[in-house]
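Asks: After the structure tokens below, expect a handful of questions from me.
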Amino acid sequence: MPEPKRNAADGQWTKIWRSGKQCGGVIVAILVLATTLRAGGTDPAPDLTQLSLEDLMRVKVTSVSRKAQLLTKAGAAVFVITREDIRRSGMTKLPELLRTVPGVDVARITANSWAVSIRGFNDRYSTKVLVLIDGRTIFTQEFSGVFWDQQTVPLEEIERIEVIRGPGGTVWGANAVNGVINIITMKSQDTKGALVSLGTGSQESAQGYARAGGAIGEKATYRFYGKYFNTESSNWNGGRSAGDGWNGNQFGFRTDWQLSANDVLTVQADAFHSNEGQTLTAVVPKQGFQTLTFGDRIEARTKNVLAKWNHTFANGSESSLNVFYNDAARVDQGSDDQDTADVDFQYHFRSGERQDIVTGFGYRHTKLFYEGYYSYGYNAPSFESNLVNGFIQDEVTLSATLTLTVGTKLERNSFTGFEYEPSAQLVWAPNERQSLWVSAARAIRQPSWFYANSILDAASFPLDGGGLGVFRLLGNSNNQAEKLIDFEIGYRKQIKNRLTLDLTAFRSYYHGIVTSENGAPFFELDPGPPHLVIPSTWENRARARNYGAEAFATWQATRRWRLSPGFSYLQMKVIRDASSTDAGVELVTGSSPKYQARLHSTIDLLGNLEWDSAAYYVSGLTPSIGGIHTDPIGRYTRVDTRLGWRFKEHMEFSLVGQNLLAPRRLEFSRLEQQNATPVQRSITGNVTWRF
Amino acid sequence: MAVLTGPLKLALTIGVFAAVFPAAGKDVTLEEYQVKAAFLYNFTKFVEWPPEAFTQSDRINICILGNNSFAALVEETVAGKEVGNHGFNVQKVAASTQGRGCHILFISKTDSKRQAALLGDIQDPYALAVGESDEFLANGGVINLTLKDARVRIEINQRAAVRLRCRISSKLFTLANAIRK
């Protein structure tokens, strides 16, 4: 499993630099194009030279337009979305927000479930992207993926999201195979005062968020917040409800305490509860193994608490101790309760003139209780797993323009034992405006309890000669880690403060891809009726060779108009071993689009009006389940637009239209159990007060 | 389509608001770097450079490291201005400041990683080093611009200020949150 990094949840560019270093050797040097980007919003610019210094100190400033424009020195494909990007996106849910990041593949399955991946292998249960919120991994060890409906961190509290495409195992550990999504919330120093945000719309029928923050004495600051939302069910053509409406609430707090000039302690906690609808098509053993389609509920309850202690030593080196506890309970085709406790330590120091070293170790303990209701269960009522890891990474300045970063992670997990994840990156930055980088890395995805211990009756069917057949997927405790060897090259250039370009190409070799291998059929009498079971166990008998390219640009067309095009291309090829009977594994490539493109436009109109639009193109999917193609998803273009108006600094109104081109459309096909529902055209209005 | 009536009502309300208060947005918060540029300009009123600091040129030389768009903004801010009979000159500086005769040297956040080296590199005894990052004063900088409660605050490293061969007005010290190093 991955480990959380001290991820500099403090909004300082200098800290980005450091946290960047911890993002798999990424050294993030950020050129702030402060005023070129949004100077238009402050029209007409008053002559500040007329003000006295005292007056100047009273002037309230906004730094939201500070845009991470060019990550010149990163030896990896990094993209950062800022608070301002989030505000202007008009998005209300975290996975939808990730749609705005070039190279991230987001497909909405239902109103409360998403398939999110980077560089292929997309699925609701995608296993190859690591996601963290303030250093707390939000993976579930059950399937090594993310339940996106449980991740309702208020978007109003996010300082920035760093998305790394490509492996980050050296620093981030297991499961950071195809990418890392690192969500960083604002420090409580930055959220003093009160903020209330209310919204309503055709799909998002109610949204409310309120927070209050302040200082306790001179050394500590705090905030606490609550949010509620209600999302309407989607409708099929003709108005029939798809039964996927949901609502949820979340509460939390954060405190940042300056213990001394060199010590900062952060403590934060959140609690979340949701009620959701879904439609399942599942084999129900209790009803004679019939395959039934029925409406079902999901209920999720999560709690987490995290403490982080940063210390700066007199010589400038830094240490960080991060501890969290996470409790996620979920009723969804069964009752599932997973507890995670995690301790992580990092130390960052310079050695001599040329070396910048970050090292650390971590321990995680996870426990799962599961009770299946329908066709999905486990071969024991509870499981525990441990993960111990250590890593070291050294960034060596070879010359004024050349930097080499090498490192490795060593870890021991309860499923496959010892694993290693080395990487090397070479960055050539002849000046601050351009850089060329190459990297090579190995990363692994460790098995989950699903692959090691689950029992899933995936299909039932009448046998030719009469009688009932049941296709049963069985966990395999000898399931091995999936491994990736990845090579990348990238180039970034900034042209005259107006245009930035970022190009990346990658070639990825996976081996040990999980396949399901059929065993000898046997008869089972209980529960009745008697049936023939075709067992299939999870093995690692396929490999994949993927390659692709990603390109994006930001063009400040005029003072008030910015255009950001992006494009990604992915060619996947999965090849099963000669010993494998799993033809279906080769078809998983159909669940990820070959081409994706996007175009964002942000315009600052007169009178504090903002008009932001985005178009997303997806080249379509040819999904399959168990080797059989399901309904294809044709290519589509999605268009969103937002009109925002700021009234002084206290109030902001916005009107958001999404999926404007079609009344409804599917973005993903049905899954093994879960039915997909259509995305609908929607309109949402929102008002935000600050006081 | 009944569900649309709520949002439509809201949209209408917003539309009416927008129509009634079209010019209400004049009183906006200002860009951080516009304000910081004005701070740099203002500092020159509180600093007295000796005559020998103007041997190369009569102008007050503001050097900006690491943030070219800010340099453009400072240039815009001080264009045509004079303080104490001195005009202004704004320079973008990529690396070394030696021999440039900087009166004010601004080191941007983006250069914070090498700021200790940059600050150690300053040979010019008249250069007032202004920065904007946590460790700036600790690294030997003179004035640090910080953001507190969305306002720009100044911090002064008194010891570094005293070492400079120029006089800083006591008023600046009282306005600043003076930090002794």
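Asks: Select, from A:Arg119, A:Arg124, the only residue that is within 30 Å of A:Ile489 (Cβ to Cβ) and either surrounded by fewer than 23 Cβ atoms within 10 Å (Cβ to Cβ) or out of contact with any Cys (no Cβ under 7 Å at 6 or more places or on another chain) (or both).
Replies: Selected residue: A:Arg119, the only one of A:Arg119, A:Arg124 that is within 30 Å of A:Ile489 (Cβ to Cβ) and either surrounded by fewer than 23 Cβ atoms within 10 Å (Cβ to Cβ) or out of contact with any Cys (no Cβ under 7 Å at 6 or more places or on another chain) (or both).
Asks: Would you say A:Asp296 is in contact (Cβ under 8 Å) with a residue 40 or more places away in the chain and surrounded by 15 or more Cβ atoms within 10 Å (Cβ to Cβ)? Working first, answer last.
Replies: Values: in contact (Cβ under 8 Å) with a residue 40 or more places away in the chain: no; surrounded by 15 or more Cβ atoms within 10 Å (Cβ to Cβ): yes.
So A:Asp296 does not fit the description; no.
Asks: Here's another thing I want to ask about it. One residue is enough: does segment A:583-592 have a residue meeting the conditions within 14 Å of chain B (Cβ to nearest Cβ) and touching a strand residue (DSSP E or B) at 6+ places or on another chain (Cβ under 8 Å)?
Replies: Within segment A:583-592, none of the residues are within 14 Å of chain B (Cβ to nearest Cβ) and touching a strand residue (DSSP E or B) at 6+ places or on another chain (Cβ under 8 Å).
Asks: Just checking, does segment A:655-678 include any residue being among the hydroxyl-bearing types (Ser, Thr, Tyr) and within 14 Å of chain B (Cβ to nearest Cβ)?
Replies: Of all residues in segment A:655-678, those among the hydroxyl-bearing types (Ser, Thr, Tyr) come to A:669, A:677.
Of the ones still in play, those that are also within 14 Å of chain B (Cβ to nearest Cβ) are none.
So far as segment A:655-678 goes, no, none of its residues is among the hydroxyl-bearing types (Ser, Thr, Tyr) and within 14 Å of chain B (Cβ to nearest Cβ).
Asks: Sticking with this one: Check B:Ser133, B:Ser112 and return the single one that is in a loop (DSSP other than H, G, I, E, B), under 21 Å from B:Tyr33 (Cα atoms) and within 14 Å of chain A (Cβ to nearest Cβ).
Replies: Values: B:Ser112 fails: in a loop (DSSP other than H, G, I, E, B).
Going through B:Ser133, B:Ser112 in turn, the sole match is B:Ser133.
Asks: Of the residues in segment B:133-155, how many are of a type in the set (Val, Ile, Thr) and touching a helix residue (DSSP H, G or I) at 6+ places or on another chain (Cβ under 6 Å)?
Replies: Within segment B:133-155, residues that are of a type in the set (Val, Ile, Thr) and touching a helix residue (DSSP H, G or I) at 6+ places or on another chain (Cβ under 6 Å) number 2.
Asks: OK, next. Please determine, by comparing only the residues of segment B:50-75 that are at pLDDT 85 or above and of a type in the set (D, E, K, R), which one is nearest to the chain's Cα centre (by Cα).
Replies: In this case the residue turns out to be B:Glu75.
Asks: From the residues in segment A:629-666 that are hydrophobic (A, V, I, L, M, F, W, C) and in a loop (DSSP other than H, G, I, E, B), which one is surrounded by the most Cβ atoms within 10 Å (Cβ to Cβ)?
Replies: The selected residue is A:Leu666.
Asks: So is A:Asn546 buried (at least 22 other Cβ atoms within 10 Å of the Cβ) and at pLDDT 95 or above or not?
Replies: So A:Asn546 passes the test.
Asks: Can I ask one more? Residues that are more than 14 Å from chain B (Cβ to nearest Cβ): which strands (runs of 3 or more DSSP E) entirely in segment A:145-243 hold 3 or more of them?
Replies: Ranges flagged: A:158-165, A:179-185, A:204-216, A:220-231.
Asks: Here is a follow-up. Tell me, please, whether a residue that is in a loop (DSSP other than H, G, I, E, B), crowded, with 18+ Cβ neighbours inside 10 Å, in contact (Cβ under 8 Å) with a residue 40 or more places away in the chain and not hydrophobic (A, V, I, L, M, F, W, C) can be found in segment A:333-345.
Replies: Yes, some residue in segment A:333-345 is in a loop (DSSP other than H, G, I, E, B), crowded, with 18+ Cβ neighbours inside 10 Å, in contact (Cβ under 8 Å) with a residue 40 or more places away in the chain and not hydrophobic (A, V, I, L, M, F, W, C).
Asks: Mind checking which residues of segment B:83-93 are within 14 Å of chain A (Cβ to nearest Cβ) and modelled with pLDDT of 85 or more?
Replies: Matches in segment B:83-93: B:Val83, B:Gly87, B:Phe88, B:Val90.
Asks: With respect to the numbered conditions (1) surrounded by fewer than 19 Cβ atoms within 10 Å (Cβ to Cβ); (2) part of a strand (DSSP E or B), which one is the sole condition not fulfilled by A:Trp538?
Replies: That leaves (1) as the condition not met.
Asks: Going by the structure shown, is A:Thr291 part of a strand (DSSP E or B) and either among the small types (Gly, Ala, Ser) or under 19 Å from A:Glu157 (Cβ atoms) (or both)?
Replies: no
Asks: Considering only residues that are touching a strand residue (DSSP E or B) at 6+ places or on another chain (Cβ under 8 Å) and of a type in the set (D, E, K, R), look in segment A:639-658 and name the one that is modelled with the lowest pLDDT.
Replies: A:Glu649
Asks: A further question on this structure: Inspect all residues belonging to segment A:64-83 and state whether any of them is touching an Asp or Glu at 6+ places or on another chain (Cβ under 8 Å), at pLDDT 95 or above and within 14 Å of chain B (Cβ to nearest Cβ).
Replies: Scanning segment A:64-83 turns up no residue that is touching an Asp or Glu at 6+ places or on another chain (Cβ under 8 Å), at pLDDT 95 or above and within 14 Å of chain B (Cβ to nearest Cβ).
Asks: Could I ask something else about it? Does A:Asn386 satisfy the criteria of being surrounded by fewer than 19 Cβ atoms within 10 Å (Cβ to Cβ), touching a His at 6+ places or on another chain (Cβ under 6 Å) and over 30 Å from A:Trp437 (Cβ atoms)?
Replies: So A:Asn386 passes the test.
Asks: With the checklist (1) facing chain A (nearest Cβ under 10 Å); (2) in contact with a Lys or Arg (Cβ under 7 Å, 6 or more places away or on another chain); (3) among the aliphatic types (A, V, I, L, M) in hand, flag the one item B:Ala71 doesn't pass.
Replies: (1)
Asks: If I filter segment B:53-80 down to residues being of a type in the set (A, V, I, L, M, F, W, C) and assigned to a helix (DSSP H, G or I), which single residue comes out as surrounded by the most Cβ atoms within 10 Å (Cβ to Cβ)?
Replies: It comes out as B:Phe70.
Asks: Whether any residue in segment A:99-119 is in contact with a Phe, Trp or Tyr (Cβ under 7 Å, 6 or more places away or on another chain) and part of a helix (DSSP H, G or I) is what I want to check.
Replies: Looking for residues that are in contact with a Phe, Trp or Tyr (Cβ under 7 Å, 6 or more places away or on another chain) and part of a helix (DSSP H, G or I), one finds none in segment A:99-119, hence no.
A quick yes/no check of all residues on (1) farther than 29 Å from A:Lys187 by Cα; (2) away from every other protein chain (no Cβ under 14 Å); (3) touching a residue at least 40 places away in the same chain (Cβ under 8 Å):
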site	(1), (2), (3)
B:Pro51	yes, yes, no
B:Asn67	no, no, yes
B:Pro125	yes, yes, yes
B:Ala138	no, no, yes
B:Thr146	no, no, no
B:Arg159	yes, yes, no
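The values are calculated or read from the model by the stated rules, or taken from the named source; none is laboratory data. None of the values given here were measured: they were computed from a predicted structure. Every residue, glycine as well, gets a Cβ built from its backbone with ideal geometry; the counts of neighbours run over all protein chains shown.
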